[in-house]
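Scroll down for the structure; my scribbles are underneath it.
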Amino acid sequence: MIKTTIVLRGRVVVPGACEGEALVSHEPISGWGGIDPARGVIIEPRHELNGACFTGKVLVFPSAKGSSGWSGFFQSARLLGTAPIGMIIARISTKSALGAVVTRVPAVTDLDADPCEAIATGDRVRIDNGTVEVRRP
Amino acid sequence: MFLTEEEKRMRDGSEGAAAGAAMDLLIRYGEALDAARLCDVRNVAGTMTQPSPVKAALVRQGGWDKAFAVINLDCDDDIEIPAMRVPTCQLQHGFGGDAAGVVPYPAENIALQAQAESFYGRRGVNILATCTPYQVGNIPVRGEHCAWMESSAVIYANSVLGARTNCEGTASAGAASLTGKIPCWGNHLDGNRHGTHLIDVRVPVDGFMEWGMLGYFAGGVAGEEHPVITGDIARPDLAELKHFGAAAATSGGVELYHIPGVTPEAPTPEAAFRGREAPPPVTYGPRERRAVYDTLNSQGTSAGVDFVLLGCPHASVDQVRRVAAELDGRRLSPGTELWLMVPRALKDVADRSGYTGVIERSGGRVLGDSCPAMSRAAPRGTRVFATDSAKQAHYLPAILGIEAWFGTLEDCVHAAVTGRWEGGLP
């Protein structure tokens, strides 16, 4: 099987390394009112990922939107064992920066290519501090 | 990130373990943002008392000190929580004892929140219990650095008051309250407060519903950036700007906007863009207005309305007066409930002015502290709700799995009285 590997470089938001399957959103993600921390599922009705589970995945998204409860909802996901294992955030903001910190998972932003285009759902992704390695099965 | 000597000492425990943990969180958060330094704040609006299953488990495990450490400081150590270092208020939270028997809401949440109020009150937290601290005495002055949560309050503070705050979260606000510090990033910096998008309004915008729809449109256009609004707009009042901002923060992530001649940092359109060239305008005309209305009403199919919700963000006294005037001498349809959410401090004024009595005689309720979205609570059996709030029309269908109608205060009261939605775009 031929595998394509691409490497993206960015700025560390939360240091660390992780590897797993990517879940990619092209639309901003809401925390409060947008996810159910008990199940680790996106619940915004008109969202492209409505119904998708991010537990154990590397969540790739353009930005955080909506309520200031964003970080608190992802923190709850961590405490309930449903959190993603890493975050790749195209555009950082206070919501996603604090959200990544309190989810306590490796996170990266300001990459040299748009991660929401470069990475597809189902790709194998490894975050190692500011480096993201993407393997497409 | 640069730290002053004072901040380093605080990190190392000079002000106690809790302030040390708070500084540690602020450093991790500041570095996540790539902030150059921290700034001083002495006005924090956060959330500590809101009940949740996670919080209840932490309180059982280690009391309120434990709950604050984990949730409000992201700290796993067993530390004692001292008095807040700077003025701090609690935003909206769960329902209180007065909602028992009215709102289907767990009695254990009411009890947990009462304990929390007592714990945090002793540590100097002002229990304002509203999403609109600026309606009940917490009005930052122009240029004041704050650490506020609640997207609708953040956008009001930045845009209408000219204060400076990012949209903080539970942990950063908690850490700010024990240190008087927050990352000096984003809206705190002069160079980041200019307009980025120009919206040219070509359809008359006047009144609460119209300002809410324009806000919902502006959030869609500007995303997380800073729309500047010009054109055919009537001079807005507090309630209209409150609704405009709440809607813009909901559809996008707007934390700052300018309306030349209205908001303080934009005496003119040129000032709104701080000398930069204005981008090509995006038109808000009859077609765009219709599209926003249809979007907000795309989550309703049944004309039968079980529940009418007013007061998101929490109503001003004047809004309460208008609801009372509309309901005076009428009765709600059997099977339809009406809740009007207000800051508890203003409910006292509404009570004295007789507005609460008028609303209650019609069968409606005036409730403090919370809202259906915060507390995931609506009248039992609600399938279809109507609201004059673009924000609740956006969120509540997702949170409670119900249908939504959006319209004017008058449309909503009509639905409450007849049990049917007959609103439409005038």
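Mind checking which residues of region B:37-70 are open to solvent by 10 Å² or more (accessible area, probe 1.4 Å) and either at positive phi or free of Cβ contacts under 8 Å to residues at least 24 places away in the same chain (or both)?
Scanning region B:37-70 gives B:Ser52, B:Pro53, B:Val54, B:Ala57, B:Leu58, B:Arg60, B:Gln61, B:Gly62, B:Gly63, B:Asp65, B:Lys66.
Can you tell me which residue within region A:1-34, out of those that are at pLDDT below 95 and open to solvent by less than 20 Å² (accessible area, probe 1.4 Å), is farthest from the chain's Cα centre (by Cα)?
Residue satisfying both the conditions and the ranking: A:Gly33.
Looking at the structure I just gave you, is B:Ala116 within 14 Å of another protein chain (Cβ to nearest Cβ), open to solvent by less than 20 Å² (accessible area, probe 1.4 Å), among the hydrophobic types (A, V, I, L, M, F, W, C) and outside any loop (DSSP other than H, G, I, E, B)? Outline the logic, then answer.
Numbers: within 14 Å of another protein chain (Cβ to nearest Cβ): no; open to solvent by less than 20 Å² (accessible area, probe 1.4 Å): yes; among the hydrophobic types (A, V, I, L, M, F, W, C): yes; outside any loop (DSSP other than H, G, I, E, B): yes.
No.
Scan region A:91-109 residue by residue and report those that are in contact (Cβ under 8 Å) with a residue 24 or more places away in the chain, at the interface with chain B (Cβ under 8 Å from one of its Cβ atoms) and touching a Gly at 6+ places or on another chain (Cβ under 8 Å).
Correct list: A:Ser93, A:Lys95, A:Leu98, A:Gly99, A:Val102, A:Ala107.
Looking only at residues that are hydrophobic (A, V, I, L, M, F, W, C) and within 11 Å of another protein chain (Cβ to nearest Cβ) in region B:1-47, which one is nearest to B:Leu161 (Cα to Cα)? Working first, answer last.
Our first condition is that a residue be hydrophobic (A, V, I, L, M, F, W, C); within region B:1-47, this holds for B:1-3, B:10, B:17-19, B:21-23, B:25-27, B:32-33, B:35-36, B:38-39, B:41, B:44-45.
Still in the list and also within 11 Å of another protein chain (Cβ to nearest Cβ): B:25-27, B:32-33, B:35, B:45.
Numbers: B:Leu25: 28, B:Leu26: 26, B:Ile27: 28, B:Ala32: 28, B:Leu33: 25, B:Ala35: 24, B:Ala45: 15 Å.
For region B:1-47, the residue satisfying everything is B:Ala45.
Just the residues that are facing chain B (nearest Cβ under 7 Å) and surrounded by 24 or more Cβ atoms within 10 Å (Cβ to Cβ), please, taken from region A:76-90.
Within region A:76-90, just A:Ser76 meets the criteria.
Please verify whether B:Ala100 is at pLDDT below 95 and surrounded by fewer than 20 Cβ atoms within 10 Å (Cβ to Cβ), treating the condition exactly as stated.
Judged against the criteria, B:Ala100 is a match.
Quick one: in region B:71-97, of everything that is of a type in the set (A, V, I, L, M) and farther than 18 Å from B:Tyr29 by Cα, which residue is surrounded by the most Cβ atoms within 10 Å (Cβ to Cβ)?
My answer is B:Ile81.
Enumerate the helices (runs of 4 or more DSSP H) found wholly within region B:165-270, keeping only those where 1 or more residues are over 30 Å from B:Phe2 (Cβ atoms) and away from chain A (no Cβ under 11 Å).
Numbers: elements: B:170-179, B:208-222, B:238-251.
It comes to B:208-222, B:238-251.
Consider B:Gly63 against the criteria (1) over 17 Å from B:Thr170 (Cβ atoms); (2) part of a helix (DSSP H, G or I); (3) touching a Lys or Arg at 6+ places or on another chain (Cβ under 8 Å): it satisfies all of them except one. Which criterion is unmet?
(3)
Sort through A:Glu117, A:Glu133 and tell me the only one that's under 28 Å from B:Asp34 (Cα atoms), in a strand (DSSP E or B) and over 11 Å from the mean Cα position of the chain (by Cα).
A:Glu133
Can you say whether A:Pro37 is free of Cβ contacts under 8 Å to residues at least 60 places away in the same chain, open to solvent by 10 Å² or more (accessible area, probe 1.4 Å) and not β-branched (Val, Ile, Thr), as far as the supplied structure shows?
yes
Look at B:Tyr29 and say whether it is among the hydroxyl-bearing types (Ser, Thr, Tyr), touching a residue at least 12 places away in the same chain (Cβ under 8 Å) and farther than 28 Å from A:Arg104 by Cα.
No: the conditions fail for B:Tyr29.
Scan region B:277-291 for residues that are out of contact with any Asp or Glu (no Cβ under 9 Å at 6 or more places or on another chain) and among the charged types (D, E, K, R) and jot them down. First the steps, then the outcome.
Of the residues in region B:277-291, the ones out of contact with any Asp or Glu (no Cβ under 9 Å at 6 or more places or on another chain) are B:277, B:279-280, B:286-288, B:290-291.
Correct list: B:Glu277, B:Arg287, B:Glu288, B:Arg290.
Is it the case that region A:60-74 has a residue that's more than 10 Å from chain B (Cβ to nearest Cβ) and either part of a strand (DSSP E or B) or in contact with a Lys or Arg (Cβ under 8 Å, 6 or more places away or on another chain) (or both)?
yes
Can you give me the ranges of the helices (runs of 4 or more DSSP H) entirely in region B:327-426 with at least 2 residues that are more than 14 Å from chain A (Cβ to nearest Cβ)? First the steps, then the outcome.
Values: elements: B:344-352, B:355-361, B:372-375, B:390-400, B:409-418.
Because the criterion is at least 2 residues that are more than 14 Å from chain A (Cβ to nearest Cβ), the helices (runs of 4 or more DSSP H) in region B:327-426 that meet it are B:344-352, B:355-361, B:409-418.
Considering each of B:Val366, B:Val342, B:Val358 in turn, give the residue that is in contact with a Lys or Arg (Cβ under 8 Å, 6 or more places away or on another chain) and open to solvent by less than 40 Å² (accessible area, probe 1.4 Å).
B:Val366
Is it fair to say B:Thr408 is open to solvent by 20 Å² or more (accessible area, probe 1.4 Å), of a type in the set (S, T, N, Q) and either over 21 Å from the mean Cα position of the chain (by Cα) or assigned by TED's automatic domain parsing to the domain that holds B:Leu91 (or both)?
Criteria not met by B:Thr408.
The values are calculated or read from the model by the stated rules, or taken from the named source; none is laboratory data. In this text, all values refer to a predicted model and were calculated from it rather than measured experimentally. Using ideal geometry, Cβ is built from the backbone for each residue, glycine included, and neighbour counts are taken over all protein chains shown. Side chains included, ligands, DNA and RNA excluded: accessible areas come from the protein's heavy atoms. Shrake-Rupley method; radii C 1.70, N 1.55, O 1.52, S 1.80 Å.
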